[in-house]
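Below is one structure; the comments refer to it alone.
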Amino acid sequence: MTGSAAKLGIEEGQIALELGWDEDCDSTISESIEDVLGEDFLDEETDELCDVVLLWWRAEDGDLVDGLVDATRPLGDSGRIWLLTPGAGKPGNLEPGEISESAQLAGLVQTKAERLGEWQGSCLVARGYTKKP
């Protein structure tokens, strides 16, 4: 299923990192992204800059601001974070206000939202980033 990668705007040749994956995550989302990338996600300990960070997050994972700040470290200048949280009514889900407030405190803004099965995706970019034509 390449639909998830397409919804997230992930294209072949991009470099991606996945953080926060656990047994409750939807592996078909990760697999579809790796299929489009043509390679595996970078290792969490990498020093390489990436285009996309896929960040799986649940309410019990701790302070979202800290998680977002950590996720920005490996991002290139035009990189983006896809924050994946459990959908409304699911265990571990976050309130939309919490996501936008945490993003703001981490120096990010939300540009897009996508539903991916049981997960809600929020695309976050550095505040002030404008896509070049």
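In the chain, which longest range has no trypsin sites (Lys or Arg not before Pro) that are both DSSP loop (not H, G, I, E or B) and surrounded by at most 11 other Cβ atoms within 10 Å?
On the way: sites that count: Arg127, Lys131.
The longest such stretch corresponds to 1-126.
Rounded to the nearest 5, the antiparallel percentage of DSSP beta bridges internal to the chain is 60%.
For the chain, relative contact order (Cα pairs under 8 Å, six or more residues apart, normalised by length) works out to 23 percent. Each Lys or Arg adds one and each Asp or Glu subtracts one; over the other residues with Cβ under 15 Å from the Cβ of Glu101, this totals -3. In order along region 15-20, phi translates into HN-Hα couplings of 10, 10, 10, 10, 10, x Hz, rounded to whole numbers, per the Karplus curve 6.51 cos²θ - 1.76 cosθ + 1.60 with θ = phi - 60° and x for Gly and Pro.
What do the square roots of 5 times the Cα gyration tensor eigenvalues come to for the chain, in whole Å, largest first, as semi-axes of the equivalent ellipsoid?
Values: eigenvalues 79, 67, 40 Å².
Semi-axes, largest first: 20, 18, 14 Å.
Here, each number is a calculation from the coordinates, and none is a lab measurement. Source: prediction; values computed, not measured. Note that we place each Cβ from the backbone using ideal geometry, even for glycine, and neighbour counts take in every protein chain shown.
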